[in-house]
Each structure stands twice: as structure tokens, then as C-alpha cells.
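J.: I'd like to ask you about the structure that follows.
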Protein chains: 4
Amino acid sequence: MIHVGILGATGYMGGEALRVLLGHPEVEIAWASARHGGRMEDYHPNLQGCGLQFVPPEAAEPVDMVFMALPTAASISLARRYRDAGSRVIDLGAAFRLAHRATWESVYGMGHDDWALAEEAVYGIPELHAAGIEAANLVANPGCFSSAAILALAPLLAAGWVDPRQLVVTGISGTAGVGATLSRAAHHPEIGNNLVPYNVVDHRHSHEMEQELAALHGSRVGVHFTPIYAPITRGILAICHAFPLAPFTREAGLELYREFYAGQPFVKIVDAQPRGEEWDYRPWPWVAATSGSNYCHIGLSVDDRRGRVVVFGALDSLGKGGAQVGIENMNLMFGLPRETGLGHYARHPA
Amino acid sequence: MIHVGILGATGYMGGEALRVLLGHPEVEIAWASARHGGRMEDYHPNLQGCGLQFVPPEAAEPVDMVFMALPTAASISLARRYRDAGSRVIDLGAAFRLAHRATWESVYGMGHDDWALAEEAVYGIPELHAAGIEAANLVANPGCFSSAAILALAPLLAAGWVDPRQLVVTGISGTAGVGATLSRAAHHPEIGNNLVPYNVVDHRHSHEMEQELAALHGSRVGVHFTPIYAPITRGILAICHAFPLAPFTREAGLELYREFYAGQPFVKIVDAQPRGEEWDYRPWPWVAATSGSNYCHIGLSVDDRRGRVVVFGALDSLGKGGAQVGIENMNLMFGLPRETGLGHYARHPA
Amino acid sequence: MIHVGILGATGYMGGEALRVLLGHPEVEIAWASARHGGRMEDYHPNLQGCGLQFVPPEAAEPVDMVFMALPTAASISLARRYRDAGSRVIDLGAAFRLAHRATWESVYGMGHDDWALAEEAVYGIPELHAAGIEAANLVANPGCFSSAAILALAPLLAAGWVDPRQLVVTGISGTAGVGATLSRAAHHPEIGNNLVPYNVVDHRHSHEMEQELAALHGSRVGVHFTPIYAPITRGILAICHAFPLAPFTREAGLELYREFYAGQPFVKIVDAQPRGEEWDYRPWPWVAATSGSNYCHIGLSVDDRRGRVVVFGALDSLGKGGAQVGIENMNLMFGLPRETGLGHYARHPA
Amino acid sequence: MIHVGILGATGYMGGEALRVLLGHPEVEIAWASARHGGRMEDYHPNLQGCGLQFVPPEAAEPVDMVFMALPTAASISLARRYRDAGSRVIDLGAAFRLAHRATWESVYGMGHDDWALAEEAVYGIPELHAAGIEAANLVANPGCFSSAAILALAPLLAAGWVDPRQLVVTGISGTAGVGATLSRAAHHPEIGNNLVPYNVVDHRHSHEMEQELAALHGSRVGVHFTPIYAPITRGILAICHAFPLAPFTREAGLELYREFYAGQPFVKIVDAQPRGEEWDYRPWPWVAATSGSNYCHIGLSVDDRRGRVVVFGALDSLGKGGAQVGIENMNLMFGLPRETGLGHYARHPA
């Protein structure tokens, strides 16, 4: 059994780690922390009757594996503390996601207090960095939009099929992405029947996308990214437009993706077939079909007439875009099959 | 391993049985049927990449356990067929829910073609009929509103604390309760920002409530039931008003419920405590906290001033109010712990 | 032209008054106040480009008509100030809604600093108190749930057709009812797919219902009221159960309501007829059909079998349940036709 | 008074024309047609109690002005009939939107039976074609996405500030855009917590965008357009990415837009200012702020680092993107101020 601790488990990201780890067959939750302690079910009503208590942070002893869902500055110092005490650490936040210090400091608007530690961190997309993650003591779990867009664009960039400087990504996010802290953009009377653009240029996640896609492509890439909030609870849909350097068909594109992700348990290439008049599903991913799960669904189409490919990446911002991919990374770090504790399908209807 | 078949697995109820049974450790799905066959993922987009096919109904051979999610008339004849071939059967529909033939025929507006079989059926609320279910060859799974209201009112009726003739129940249902068949009341432009009363008197489920609560109380009861659709995907909230014969306090009421449901794994008595200004949860159930799970959350308050108790029963119409309680019943029928394959908490946020 | 001021116009109630009065042909908005002043469009994005500014409260001079959308204590002292300066006042809040001081002070948990003023106030339901409102200097606009339940039950109580002690009301509210102040129950990730009971016994509005229905009936009445939040933006549905003293038919009930509300421009008795398979509307009110308007839709059914009548009252908590009925009251006070500036139908779809 | 008829008034587009025209001070509705006649309130529950009846199509006599909300083939023949009888006609559908016959026939997959009539039609964007609309006998009302994207991009193309071949537009639509006909993609259990791509390449509206933007720019343009359904009832958000030929600032961009749309009553350039911690609105358009109205809200930002401008166009698909802009066009055709009957702000909250 892996003994696991979760730092900051009252929010949505830590709460999702907690929920999924409670059902993980190889994990024993040693503790989950909250500033003021208290019953878990008073923060997470889904855990009604679980009988468990949060511990205050000072009672959070080093264990085999520590998940951190904390503000950035706290993550940096606590990652060091647990790392030095022998714990392996997965940061569900943003403290260690970028490989260049100057970029990180400019994007986050603060100095980084432990760059030596940041240099140890492995970026936690298991489809791209499995070997590194297996050996890592510190994993930087990716941003939710980053996972969706990187998984959706990786095969095209790795194959060199599209113009790397003109990647245009619209990201639509559910309100779980806002987090548990109250805000006007997530106040139901405002967002319940609305669509809300935010941080529309230079969003922090666009730097992760550029970092990872450039590494795959071997040269600099430009990701033009715009995020929008929509009134769904969970889920991210990345709508990725790219421009082929030479024409290819939809079928060739799907084949490229199927090969790139062959053997990957959590990426599914969608090519749905309508089943008559009532079951007229279209052949592209639905966000709801990934909701609550660790799956990423990818689909694409090609506009021959105008020379564009559009790729959709759908996932749950707390699932494959958050806490669950963190658990997939933990599985890798401890030599378990990646699916352990994670193989649940989303619900239908969601 | 239990070999299981699902008749009618393209709809939401059969689809939920399929999804949960795919993760059940003691079950092998022998087949799931659909009129025109086809890939499961073309009906249930959450199953993307599962590689499974529906079989046409004629290929649905008798197996250990058959779940039926079919129109009423079809259920009656097929239940007989599988029963006679040695399968045990759980009907997720309404063909066998009422114990009195004349009532059934009046409520469903049709003759019942196999009342001898109906007399064998056990009504599938495990908190009330566990022994009967263990021995049953045919279980009639309860209606979704019925489960919510019966579980919410059972302790008060069994204890004789309230007037049995004045039970007033408002039931709010998500649109999964409408089913997969398209209808105006579930067309998003109409329901997306709306509340819609329907079948507001003599709803079929009110007869189930009266049957079960009368049996607990030992005399006739009157359930005044009104259902409303609300724009949530899953979930049922039964708001049950009853009138105490003698005053009791909220704490006494909660204690009555805790004792009545002691040892029951899937009924949770809610008494949430606010955790400061931002985490100002109120001490009553949230539908979302049960969504996708087999839990029923119950909470109550007493209005001293006016002599009323209000009890809330929250569950998922496809979970504890549908396919998942069916699987709980199957566990009982095959001597498994009731939690097998079912112990997942709902998500938070939903 | 009536010169109108709005105190507290950044919230939803004051904002709705502002929006509707901007289109009122007999009104000139003298000012609308906000603590920190500023452009109206920075609080109300629907007013984009209107070019108008809030004034700070100290610049809010007495005018013909003052609407107040303020915290209770502030309402009491400011109502006095404007009243003494010759303004007529409509309080959109709760400071003057109850006729008995002891009840008010117990319900609101505070002393009332100007009960002499409270005794001048007329309760602002124009269908019941038109003459009083015409002559009033101070109108107490009703609570949103109160308007829905009182309008839905008034004809039955006035006619003496039902047991006055057993009125059971479930009220479902959209999140606009929470107000503009951020709260967990209105945080989209929590409420977006949820149903949330709150203040489930002795809600303040139940005292208004009892006060008004008792006056109509001529004896004490008991209203058993439970409110629930649902994920719609606007709208209130009051589901009112009552028990006939002697049987009557649905048609007789509808006729009673049509007569009671004959000549009332904003109460509509619903008896929708389905128009074939696709347009299968049911004969009861839809909340969405009143949303944004000053209409209240009422419908009913009778359960012969069990002796119950259920009456639905649907309205918009900011419309007929809030700011718009306030404007209807203003029209009465200034001798204008009640429909002036208010006759817009809700949208379809909403 | 203008005597107006509406052909096909049971759907959402015709119903919106009907609702708004009922409040238009210079219009008398001569008739609104429905295949089977019947009470208006049985199709449009918002019109409860209006007392009006639909007429069958054969009773729809020529009048001053005819709005058509019909299937494409029917529009072509009926437009001719009413035109020849002296009526002026606004087609709310797609029969006359494209200027090149071969393109129209390829896009709509059918022959056009009356191209001579199509050549008379004026494309109904009043900000671009006011003079033509004033004189027109036949106006082709634009597609909903087309209006949003064309208004959002017009100033940049007219000014020649961006690369005309790389316009990348993501369009998010509410489900009113699906129409009143039932479909799986609009079934609430499916879409209620979902995001659904559809017609992702070569959507019909992209041809309108290219036609109008090319005319403004003076050379061919390429619009790469992807539509997505989101669970809002009304509203379109066009997220338009373009690539500056020479750098410009956000302020310069806003100024370009303010000048281009100076004097236009229904286009508002958004530059919201947050008002403290709770009122933290961001400076871009909200769909909800246009919902139900004839306003289009436009906002933009510039990503200096990567050389991109993103422009947002928000409107209501039945309002400025549908029936209401049709009424604005009618006002122009009959010499009325464009705002007549249309100047209502959207609600807040929506």
C-alpha cells in the first residue's frame, strides 16, 4: 500500500484527489489537510457519512506520496520540505510547470524561491513523459487547458504536418475550473445562462502548450489561446485550429492519432457513427462523455476547401486535466498499471 | 462470476446498468441488447473506445441474471421467458411493482398478461425487503420518485409518529427521468431555464409510495404527490411534508432515522455543519451530492410553530432510484456484499 | 412625467427597477444611487453603452417617487427621510411587510425603529389592495415567494373552499433570488446541477402568506412552506397543496380563478392544450413563460381520488415578484394604467 | 400603421418576430400562420392569455410586410407570391443570403428555383447595407453566426489591418439556435452539462461571412469557422482571431471600432471596468448581456507577444442575429427610426 497525504483538500482539486484515492485499491490515505480541520463531509457533501476528518497542516507528516493543492508560494516551500523528508511529490498547482525560470517568473509575476527544485520536476503528461515520471521525485501536474490542447495537437506537431506558428486554440471551461473560491464570474445568476471570456491573451497555460509542443516539433511554436467560461460544472473543450503544410484527409488524420496514441489507455480517438434519426450523434467528442473520468477524447475534421484541420480535445478539468491524471502519474511512479483506481467511464447522461 | 444480460441497453436506465456492471468485480456481461445492434459507443458516448457491440434481442440467451429496461408489455412476456429458462430477473421498469392487480391495471391502463408472475415479484427496496430479495427470482425495481419518498418517510410511518393520511410530497426530477426519447419537456431551449409540472395528480409512483408506506404503518396512507422537472441532468429530490401526531424535536427525528437505517450502507442521514462564511452549507441534502452514486441522502427539520416535519430524500434516478439499486438487489440475490461494485461516492462538484 | 429615484441600484432588485423604468414612457429617472458611484454598465452589463452614472447616496435628493432596494435597517430610516420630504416611497425590501410589530421583530430578529411609519404602509399586491395602494405614501412590496403563493391561493381562501390550516407550499426559486452577493449556494459549480433546500422552516415569507390569506379567509391560516433553490436564473414556482372542504372539479376551480382575477391584467389562468405529438405542452404554468415579465401564471388540478387540489403560481422574482410589481404599484399611485411600461411578454424560449 | 404577416410563426424565429411585433408601436399584426392554426399560447406559453389565434397558411393574404420563417424551398416560392402581390418581404431563413448562384446551390445542396428573385435581395445587415435595405422589396436576413462574426470583424477588414486569409472563428451557440424541432443534440439530458461540436467544417454561415467580409476588404478572405453548442438557451458568442499586418494596441483597436460603428444604435463597444473585488467584471462582452435584445456587444484584446487580435461578438440568435434585426430592417424599409419597438435592454441577470 502507498501511504498518501493530500495538502489542501478542501478545494475542488484536492477534493477530487481525495474522492478518487478513497477508491484506489493500492492506496491508504494517511491524511488530508485543511486549514481549520473538521469533518470532510462539511466541505464535500458527496462524502456524507464517510466519518473522516481533515487534519490541520501541522499534523501532515511526510508519507510515501504527497499531493499538493495549494497556492503557488506555499507549494514551493512545502514541496522542498516533503521532498527532503523522502516523500515523492505531485504538485497539482502551477509552481513547477515551466522549464525556463525567466518565463515562469514573468508569467506568474513573482520570483521563484527554489529553482533548483523546479529543475528536478517532470511535466506530468504520461503520454509524453512516462519514463521521466516513473523516476521522478517531483511531478508538475499540467494545467487543465494545457492537457487538453497538448494532447489534441501533439500528433500533428510531432509529425510536422502543420504550420507550428499558427496554432489557434479556443478553450471552453466549466466552472469547476474557477475553483471553490467565490467569484462573480461563477455566481450562478451571472453565468447560468452566459458565456464569459477571461484572461483572453497570454493566459498562463499557453506557455505550457508552447513549451511542450515546441519540444515535440523541434522548433518554436506559437499558440494563440483564448479561454471562455460556459455554464457546465466540469469539463474542458479545446478547439484547436491548425494549418496543414500539405493536404491530408480526415481518415489520414485519424490514423495518425490512432498510431500516436496506440497503447495509451486514457486517450480515445472519437469517430462516432449516427444510429438513425434519433441517435444522431456527430463524429466529434462530447465534453460530457469524459466528465468525472480520466479519459481524454479527441476527434478531428479537415476543411479541404480552406486548408484547415480542427482538432477537439475534451476532458474533465479535475480528471484527466487535474487530480486524476495526478493519480495516473502516481501509479507510474510506484510501478502500478496506469489504470489502477482510474478505469471508470464517465456517466451517460452526465 | 455472475453472467449478466441487459435487455434494452440503449436507453438511459439500461445504459447505466451497463456502465456500472462493466466495473463490477463479480460480473461478466454476457450480452447487452439493442434493437438494431451496433457499437455501444454510438449510443453511449462515455463508452468511447470500449470496443463492445450490442447484440440484437434474438441473440440474448438466458444467463444467470437478466436486467430488463423495456416497455411494460415487452417486460411481462420476456420476464416469463427468462424466468422459465432459469434466469433470475430484475425488471427496471414498471410491470411488476404493484401488489394488487386491479390497481395495476387501472394505473397502467392495460390488462396484465401474467399476474401469476407478478405475484412472485419482490419489490426491490433493499432497506425494507432484503430477505425477500435474496430469495427472489423476480425483483420489481422501484420507481425513482418512489424510492426517494419511501426512504424519506419510512421511519416516520413505521414509528407511527405522523398522520398517515396527510403525506404531501413534492418531487423534483432531473431530465434523465424523462428518458432518452426526445420530448418537448426535455428540449433544452424549453427546459434549460424552466421548471415544468407534469402528471400532477395520481402519478403512477404515488401508488408505490402508498403501498409500501401502508405496509410499514399497518393502515391505509394517503400520499399527495406532485412531480416537477427541473434543469438538472440527474437527480431526484423528494420534499416530504408530514404532520406529527405528537411534537418531537429535530434531534429526536434525526435519531429515529439513524436507528432505522443503522447498518444500511447506502442511506446517509445528513446533518451538515457550516464551516465559516464561505463554506456555508446548510444541514439538508443536496441532490448533486448523490449524483451518479447509489447513495440516498436524507435530512429533516421540524417546524414547531406550525406542527410540521419536512423530510428530504435525495438520490439519482438512475442510481439509487434506478439501475444501481438494481445492482444492489442483484448483489443480495447472489449472496454478495451489497456494496460490491457500487461503493463510489458522487463527484464534487457534480 | 414622474421623477423617480432608486436607492441601491447595483443589486439585482434595484437593477431590475432601473432597467424597466428606463423604458417607462411616463418616468424620468432623476437618479439611481450606488455606494461608490460609477458607470451603470460596470455593474449591469446589459446597460452597455447607456452612458449613465450612479450617484452616491448623499446626492439622492427627494423626488416624486423613491424605490428602495436596501438592507432592512437602512430602509427604515431612509423611508422616513424621503417620506417626510414629500416623496412617495416603495420599499422593495422587507422593512414594512408585516402588520404586527411583535411578529415582525421576532421574524427579523431586530427591533423596528419606526413602527408608526410601518403602520402607514400598504402591502403591495395590486390584485388585493389596489385602492389602498393608490392612496398610499409608503408601499411595502411583497416577498417573491409571498406573491406567488398568495396569488395562487387567494381565490380558494376567499371562497372558503379549502381547509385553511393545511396549506402546504413548496417554493422553487432561481438563483436571482439569492441576490448579487456571492454565496456558496449560488456558486455555479455547486448549484449548476443541483437542488438546494434552505431556511426550510419558518421562512420569513411564510408570515406574509399567513397574514394575507388570513385576511382573505377571515380566520387564522397555517402555511407550511419549504423553499428550494434550483439552477435557473430567474423565476419562482409555488406548488401549493390544499385540501377541499367539499369536492369540486378542475373546471370549477379554473372558473373560480377566472372570476376572481377577471379584469386583472397581469394574472393569467393557464389551461394549455397540447398541439400534437411535438407540441405536447401540459396544462400547467411554466416558470420560463413569465421570466422577465410582470405576469403571474396560475394553473391547477384536482386529485379526486385523494381529495387534494394543487395550484401552481409562476412568476419572476424580480418581475411580478419584485421590482416590476413595484412599478405596477407606482402606476396605481400616480393614476396611470397599471400596464404602463410593463406590458411586455416574456421571451420564448427564455 | 404597417400591416404585417408572419409565415411560420410556431417556431422560435417566427415566434420571436411575433412577440416583438406585438409591442411595436407602428405595427398591426394582420396574421401569423401555422400549419394547423390554433391558439398562439398553445405553442408559445409566454403568450398565455393573449387571446390570439394562428391562421392556416391559405388565409395568409398579402399585406404591407411579410416575414417568412419557413423551410428553404417554401421560402423561395412564397417570397415570389407575396412579392408579386405587392408585399415587401423579409426572409428570416437562408433562401436568399448568397450572391453567387453556384455557391448557394452547392452549399444548400439543391437547385434554386428563382434566382432572378435572389438577385433582387439585399443582405440584411443594417450597419453595412442601410441604403439598400431602405429601398429593398426583399431582404435576406443574415444567419445568426454570420451577424456575430461579420459585425465583429468588419472594422478590421474594412481598415485592412489584418491578414484576410487567416480569420479563425469559433462560434458558440445556445440551443435556441437548434430550433423548435426536437433533436438529440438539444435533448436536455445530453446537452445540459455538455459542449457539442457540429458541422465543424464548411458550415453554411461561413460563406456569408466570406461574402460580406470580402466585399468590405476588396479581396478574397478565408474564414475558418467552427460552431459549438453550449447549454445556454439564447445567445451567440463569436470568438474571432485575426493576425495584424502591422502591430496596433488594444486602445487603437477599440478606437477603430468606435469610429466604424459611430451612430449605429445597436452595436456597443465594450470596455467594462471592474468595480472592486465583488464586481470584478472583465472588459469583454457577455452573451447574457445581449440576451432577448437587438444589441450586439463587441470587445477585443491584442496579444502583442504573439501578434494576434481576438475580437468577441455577442448577440442573441433570435435578436440581433435573427428576428429582431429583421424588424430593424423593416423599420428601415418603412422609413421609421431603427430603434422603433426594439430599444429594450437585455435583462440582468438573464
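J.: Tell me yes or no: at least one residue of the range B:268-286 is farther than 30 Å from B:Pro189 by Cα, in contact (Cβ under 8 Å) with a residue 40 or more places away in the chain and facing chain C (nearest Cβ under 7 Å).
T.: no
J.: Identify, from the list A:Ala238, A:Ala230, the residue that is surrounded by 20 or more Cβ atoms within 10 Å (Cβ to Cβ), modelled with pLDDT of 95 or more and more than 9 Å from chain D (Cβ to nearest Cβ).
T.: Numbers: A:Ala230 fails: more than 9 Å from chain D (Cβ to nearest Cβ).
Criteria check complete, one pass: A:Ala238.
J.: Give me a count of the residues in the range D:273-303 that are in contact with a Gly (Cβ under 8 Å, 6 or more places away or on another chain), of a type in the set (Gly, Ala, Ser) and in a loop (DSSP other than H, G, I, E, B).
T.: 3
J.: I'd like the residue in the range C:7-16 that is within 14 Å of chain D (Cβ to nearest Cβ) and open to solvent by less than 10 Å² (accessible area, probe 1.4 Å) and, out of all such residues, is farthest from C:Val27 (Cα to Cα).
T.: For the range C:7-16, the residue satisfying everything is C:Tyr12.
J.: Across the range C:184-198, which residue is surrounded by the most Cβ atoms within 10 Å (Cβ to Cβ) among those that are more than 7 Å from chain B (Cβ to nearest Cβ) and closer than 21 Å to C:Phe145 by Cα? Working first, answer last.
T.: Kept after step one, since they are more than 7 Å from chain B (Cβ to nearest Cβ), are these residues of the range C:184-198: C:185-188, C:191-192.
From what's left, closer than 21 Å to C:Phe145 by Cα: C:185-186, C:191.
Values: C:Ala185: 18, C:Ala186: 26, C:Ile191: 30.
That would be C:Ile191.
J.: For D:Gln264, indicate whether it is open to solvent by 10 Å² or more (accessible area, probe 1.4 Å), polar (S, T, N, Q) and in contact with a Phe, Trp or Tyr (Cβ under 9 Å, 6 or more places away or on another chain). Before the answer, list the steps.
T.: Details: open to solvent by 10 Å² or more (accessible area, probe 1.4 Å): yes; polar (S, T, N, Q): yes; in contact with a Phe, Trp or Tyr (Cβ under 9 Å, 6 or more places away or on another chain): no.
Against the criterion (open to solvent by 10 Å² or more (accessible area, probe 1.4 Å), polar (S, T, N, Q) and in contact with a Phe, Trp or Tyr (Cβ under 9 Å, 6 or more places away or on another chain)), D:Gln264 does not qualify.
J.: Next up: Which one is farthest from the chain's Cα centre (by Cα) among residues in the range B:331-347 that are closer than 26 Å to A:Ala288 by Cα and open to solvent by less than 10 Å² (accessible area, probe 1.4 Å)?
T.: B:Ala346
J.: So, D:Phe248, is that one surrounded by fewer than 22 Cβ atoms within 10 Å (Cβ to Cβ) and either more than 7 Å from every other protein chain (Cβ to nearest Cβ) or under 30 Å from A:Thr181 (Cα atoms) (or both) or not?
T.: Values: surrounded by fewer than 22 Cβ atoms within 10 Å (Cβ to Cβ): yes; either more than 7 Å from every other protein chain (Cβ to nearest Cβ) or under 30 Å from A:Thr181 (Cα atoms) (or both): yes.
Yes.
J.: Please give the number of the condition A:Ala159 fails out of (1) facing another protein chain (nearest Cβ under 8 Å); (2) modelled with pLDDT of 95 or more.
T.: Among (1) facing another protein chain (nearest Cβ under 8 Å); (2) modelled with pLDDT of 95 or more, the lone unmet condition for A:Ala159 is (1).
J.: Among the residues of the range C:305-334, what is the count of those that are touching a residue at least 60 places away in the same chain (Cβ under 8 Å) and either of a type in the set (A, V, I, L, M, F, W, C) or not in a helix (DSSP H, G or I) (or both)?
T.: 19
J.: Quick one: is A:Ile298 more than 7 Å from every other protein chain (Cβ to nearest Cβ), open to solvent by 30 Å² or more (accessible area, probe 1.4 Å) and within 20 Å of A:Gly235 (Cβ to Cβ)? Show your work before the answer.
T.: Details: more than 7 Å from every other protein chain (Cβ to nearest Cβ): yes; open to solvent by 30 Å² or more (accessible area, probe 1.4 Å): no; within 20 Å of A:Gly235 (Cβ to Cβ): yes.
No.
J.: If I ask for residues that are in contact with a strand residue (DSSP E or B) (Cβ under 9 Å, 6 or more places away or on another chain) and among the basic types (Lys, Arg), which ones from the range C:4-37 would you list?
T.: Across the range C:4-37, the qualifying residue is only C:Arg35.
J.: Now for a different question. Go through (1) more than 26 Å from the chain's Cα centre (by Cα); (2) at pLDDT 95 or above; (3) at negative phi for C:Gly307 and report which single condition fails.
T.: The number of the failed condition is (3).
J.: Considering only the range D:267-278, how many residues are in contact with a Lys or Arg (Cβ under 8 Å, 6 or more places away or on another chain) and buried (at least 17 other Cβ atoms within 10 Å of the Cβ)?
T.: First, pick out the residues of the range D:267-278 that are in contact with a Lys or Arg (Cβ under 8 Å, 6 or more places away or on another chain): D:269, D:272-274, D:278.
Then drop every residue that is not buried (at least 17 other Cβ atoms within 10 Å of the Cβ), which leaves D:269, D:272.
Matching residues across the range D:267-278 total 2.
J.: Considering (1) within 11 Å of another protein chain (Cβ to nearest Cβ); (2) under 16 Å from the mean Cα position of the chain (by Cα), say which one A:Glu328 fails and leave the rest.
T.: Evaluating A:Glu328 over (1) within 11 Å of another protein chain (Cβ to nearest Cβ); (2) under 16 Å from the mean Cα position of the chain (by Cα) leaves (1) as the failure.
J.: Here's another thing I want to ask about it. Considering (1) within 19 Å of A:Gln324 (Cα to Cα); (2) surrounded by 23 or more Cβ atoms within 10 Å (Cβ to Cβ), say which one A:Arg88 fails and leave the rest.
T.: That leaves (2) as the condition not met.
J.: Continuing with this model, one more query. Only residues in the range C:121-142 that are without any contact (Cβ under 8 Å) to a residue 60 or more places away in the chain count as the first member; pair them with residues that are of a type in the set (A, V, I, L, M) and open to solvent by less than 10 Å² (accessible area, probe 1.4 Å), Cβ under 6 angstrom, at least 6 apart or cross-chain, and list the lot.
T.: Hits for this filter: C:Ala121/C:Leu138; C:Ala121/C:Ala140; C:Val122/C:Ile133; C:Val122/C:Ala136; C:Val122/C:Val139; C:Leu138/C:Val89.
J.: Just one of (1) away from every other protein chain (no Cβ under 12 Å); (2) in a loop (DSSP other than H, G, I, E, B); (3) touching a residue at least 24 places away in the same chain (Cβ under 8 Å) trips up B:Pro337, so point out which.
T.: The number of the failed condition is (3).
J.: Which condition number does A:Gly253 fail, the rest of (1) within 27 Å of A:His203 (Cα to Cα); (2) open to solvent by less than 10 Å² (accessible area, probe 1.4 Å) being met?
T.: Only one criterion in (1) within 27 Å of A:His203 (Cα to Cα); (2) open to solvent by less than 10 Å² (accessible area, probe 1.4 Å) is unmet by A:Gly253, namely (1).
J.: Also: May I ask you to say which residue of B:Ser75, B:Ser87 is hydroxyl-bearing (Ser, Thr, Tyr), more than 11 Å from every other protein chain (Cβ to nearest Cβ) and under 18 Å from the mean Cα position of the chain (by Cα)?
T.: B:Ser75
J.: Can we say C:Arg35 is under 26 Å from C:Met110 (Cβ atoms), open to solvent by 20 Å² or more (accessible area, probe 1.4 Å) and either free of Cβ contacts under 8 Å to residues at least 40 places away in the same chain or within 14 Å of chain D (Cβ to nearest Cβ) (or both)? Step through it out loud before you land on a result.
T.: Working: under 26 Å from C:Met110 (Cβ atoms): yes; open to solvent by 20 Å² or more (accessible area, probe 1.4 Å): yes; either free of Cβ contacts under 8 Å to residues at least 40 places away in the same chain or within 14 Å of chain D (Cβ to nearest Cβ) (or both): yes.
Answer is yes for this residue.
J.: Within the range B:55-62, is there a residue that is closer than 22 Å to B:Asn137 by Cβ and either of a type in the set (A, V, I, L, M) or within 14 Å of chain A (Cβ to nearest Cβ) (or both)?
T.: Taking the range B:55-62 as the starting set, the residues that turn out to be closer than 22 Å to B:Asn137 by Cβ are B:57, B:60-62.
From what's left, either of a type in the set (A, V, I, L, M) or within 14 Å of chain A (Cβ to nearest Cβ) (or both): B:60.
Checked against the condition, which is being closer than 22 Å to B:Asn137 by Cβ and either of a type in the set (A, V, I, L, M) or within 14 Å of chain A (Cβ to nearest Cβ) (or both), the range B:55-62 yields at least one hit.
J.: Please specify each residue of the range D:41-58 satisfying the condition of being open to solvent by less than 50 Å² (accessible area, probe 1.4 Å) and in contact (Cβ under 8 Å) with a residue 24 or more places away in the chain.
T.: Step one: filter the range D:41-58 for residues open to solvent by less than 50 Å² (accessible area, probe 1.4 Å), giving D:41-50, D:54-56.
Residues satisfying the conditions are D:Tyr43, D:His44, D:Asn46, D:Leu47, D:Cys50, D:Phe54, D:Val55.
J.: Also: Just name the residue that is nearest to D:Ser301 (Cα to Cα) out of those in the range A:189-201 that are in contact with a helix residue (DSSP H, G or I) (Cβ under 8 Å, 6 or more places away or on another chain) and not hydroxyl-bearing (Ser, Thr, Tyr). Full working, then the answer.
T.: Quick first cut of the range A:189-201, residues in contact with a helix residue (DSSP H, G or I) (Cβ under 8 Å, 6 or more places away or on another chain) only: A:189-196, A:198.
Retained after the next criterion (residues that are not hydroxyl-bearing (Ser, Thr, Tyr)): A:189-196.
Values: A:Pro189: 26, A:Glu190: 22, A:Ile191: 21, A:Gly192: 25, A:Asn193: 24, A:Asn194: 20, A:Leu195: 17, A:Val196: 14 Å.
Per the stated criteria, the residue is A:Val196.
J.: Could I ask something else about it? Out of (1) small (Gly, Ala, Ser); (2) surrounded by 17 or more Cβ atoms within 10 Å (Cβ to Cβ); (3) free of Cβ contacts under 8 Å to residues at least 24 places away in the same chain, what's the single condition that is false for D:Gly93?
T.: Evaluating D:Gly93 over (1) small (Gly, Ala, Ser); (2) surrounded by 17 or more Cβ atoms within 10 Å (Cβ to Cβ); (3) free of Cβ contacts under 8 Å to residues at least 24 places away in the same chain leaves (3) as the failure.
J.: When you scan the range D:159-183, how many residues do you find that are open to solvent by 10 Å² or more (accessible area, probe 1.4 Å) and more than 27 Å from B:Ala185 (Cβ to Cβ)?
T.: Result for the range D:159-183: 7.
The values are calculated or read from the model by the stated rules, or taken from the named source; none is laboratory data. Note that the structure is predicted; figures quoted are calculated from it, not measured. We place every Cβ from the backbone using ideal geometry, glycine too, and count neighbours over all the protein chains shown. These accessible areas exclude ligands, DNA and RNA; they are computed on the full protein's heavy atoms, side chains included. Shrake-Rupley method; radii C 1.70, N 1.55, O 1.52, S 1.80 Å.
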